[in-house]
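Nothing in this text is a laboratory measurement; each read-out follows from the coordinates by a stated rule. These figures come from a predicted structure and were not determined experimentally. No Cβ is skipped: glycine too gets one built from the backbone with ideal geometry, and neighbour counts run over all protein chains shown.
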Amino acid sequence: MKGFRYLKDVVTLELDQAACIGCGRCLEVCPHQVFSLAEKKASMADRDACMECGACALNCPVKAITVDAGVGCASGMINEWLQEHKLRAPSGGCCS
Amino acid sequence: MNYMVPPGLYAIGRPTPEDPVLVTANYKMSYDIIRHTLSGRNLWILVLETYGINVWCAAGKGTFGTGEVVRRVTATGLARVVNHRRLILPILGAPGVAVHQVARRCGFSVSYAAIRAADLPEYLDNGMVTTPAMQQLTFTLYERLVLVPVELVMALKSVAIIAGVVFLLVAALAGLTAGVTVLIAYVGAVVTGTAVGPLLLPWLPGKSFSVKGVVAGLIWSGVFYPLAGGGAWGIPTTIALFLALPAVSAFHTLNFTGCSTYTSRSGVKKEMRIALPAMGGALLVSMALLLAGRFL
Ligand code: SF4
Ligand code: SF4
């Protein structure tokens, strides 16, 4: 995103180009212009810009995209971790 | 407080069966913004049940999702109200709604229009074409500013508890003045991490939010030190201050990743694995130093 850059090489976004049918849907839904399309195949033009929202994976009609999407805030993740360990989680956090 | 609009089909102006259908969440603010930006036009608005949560968060949870779109289209009998078979959705709803599934399950095709409701008039006037600018997420100073109060309120409860405990402990051990000093230092570090960090985001060094928070916290420590008469403190206390306050600020700035529009979950996870132990360590060392400074 213009003016902002997060960590490099951390996202879980993967594209299976062989499966791609070039519909262009992933370009439409991505808020960070991660994909580009050439000769009926999508490619990851700017993978590090991905925020792992999951929109592309959900909307790809042939499931060519995978990404581990989910809450991206620290307190949300601490809550998740606490719940996984069967501890009572405090309320609050992003999107709660 | 009621942030909800009952889900269902609404009309703006006097829409005909030919007019477009816009889909939104039943978060009152989203609904009001759409109604306001589109007043004077004729169109339909399909409000989904997202339990008063905005489109982005609801899409992440899946309540603004394929199932709810299909359910609402069916429940309102939309297919009998309009002649066309097209729904217009906000781009930020895409993490919850699979276009091909909606088409298969209720026969409506979905077009993702724009990220911001403010772009809807242009989108509609342009023959429903999304321009690159409408697709680009931003995170302007203003967009960050409006998030800060929400974040402060959200942090309030836990911060009040921690502040109370810290204040009582320090006041009991070292007297009232020390208690008040620590209280101000702590609350200042929280506000720095929650407000200053996010506002100065693009200008603070580093890519990682915790590093940005540490820098903001160091600035606060530098401001607080002379104000609190730090010159009279011993070295252990001074080091303790410069360790603990940046750690507190860093935590709160790191937490802002939840509101930011460009951080990934994997990135935040990676940051947390390093930052949380570092913060905890800094706080422990700082406490040890304070105790040492007191009893040596
Ligand atoms: S997960 Fe979201 S941000 Fe990442 S590439 Fe897909 S649509 Fe874009
Ligand atoms: S949505 Fe899937 S099939 Fe369509 S262009 Fe993107 S990767 Fe290819």
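Note on the stretch B:64-103: the alpha carbon radius of gyration divided by the globular reference 2.2 N^0.38 Å gives 1.14.
Each DSSP beta bridge with both residues in chain B is either parallel or antiparallel, and the antiparallel ones are about 35%. Computed per residue of the protein assembly as shown from DSSP H runs no shorter than four, each worth -39500 (n - 2.57), the mean residue ellipticity at 222 nm is -15000 deg cm²/dmol.
Neighbouring Cβ atoms from other chains, within 10 Å of the Cβ of residues in B:75-86, number 0 on average. Expressed per residue, the C-alpha convex hull volume of the protein assembly as shown stands at 157 Å³.
If I model the stretch A:14-70 as equal point scatterers sitting on the Cα atoms and use the Debye formula, what is log10 I(q)/I(0) at q = 0.23, 0.24 Å⁻¹? The Debye formula, applied to the Cα set alone, gives -0.82, -0.90.
Could you list, in their original order, any pairs among A:K40/B:K269; B:K212/B:K270; B:K157/B:K207 whose Cα atoms are separated by more than 26 Å? Checking Cα-Cα distances, A:K40/B:K269; B:K157/B:K207 exceed 26 Å. Shape analysis of the stretch B:93-164 places it in the oblate category; the axes a ≥ b ≥ c from the Cα gyration tensor give an a/c of at least 1.5, with a/b not above b/c. Computed extension length for B:T16-B:K28: 1.8 nm, one decimal, from 0.36 nm per residue of separation with the Cα-Cα distance subtracted. Protection proxy ranking of B:206-214, B:3-11, by the mean of other Cβ atoms within 10 Å over each peptide's residues and highest first, is B:206-214, B:3-11. Just checking the listed ones, B:A247, B:A172, B:A282: in the Gaussian network model of chain B with Cα springs under 10 Å, the one fluctuating most is B:A172.
Neighbouring Cβ atoms from other chains, within 10 Å of the Cβ of residues in B:209-215, number 1 on average. Computed over chain B, the P(r) curve from all C-alpha pair distances, binned at 10 Å from the origin, holds 6, 23, 24, 17, 14, 10, 5, 1, 0 percent per bin. In the stretch B:8-135 the Cα-Cα distances spread across 10 Å bins starting at 0 as 14, 49, 35, 2 percent of all pairs.
Computed over all pairs of different Cα atoms, the Kirkwood value for the hydrodynamic radius of the stretch B:137-296 is 16.1 Å. When only Cα pairs below 8 angstrom with a gap of at least 6 residues are kept, chain B shows a relative contact order of 12 percent.
The mean number of Cβ atoms from other chains found within 10 Å of a Cβ in peptide A:46-54 is 5, as a whole number. Computed from the C-beta positions of B:N126 and B:V81, the FRET efficiency with R₀ = 22 Å rounds to 0.30. Treating r as the C-beta distance of B:S111 and B:V223 and R0 as 51 Å, the FRET efficiency rounds to 0.50.
The phi torsions of the stretch B:272-278, fed into the Karplus equation with coefficients 6.51, -1.76 and 1.60 and a -60° offset, translate into couplings of 5, 4, 8, 6, 4, x, 4 Hz, rounded to whole numbers, with Gly and Pro shown as x. FRET efficiency for the A:Q83 to A:K41 pair, using the beta carbon distance and R₀ = 45 Å, is estimated at 0.65.
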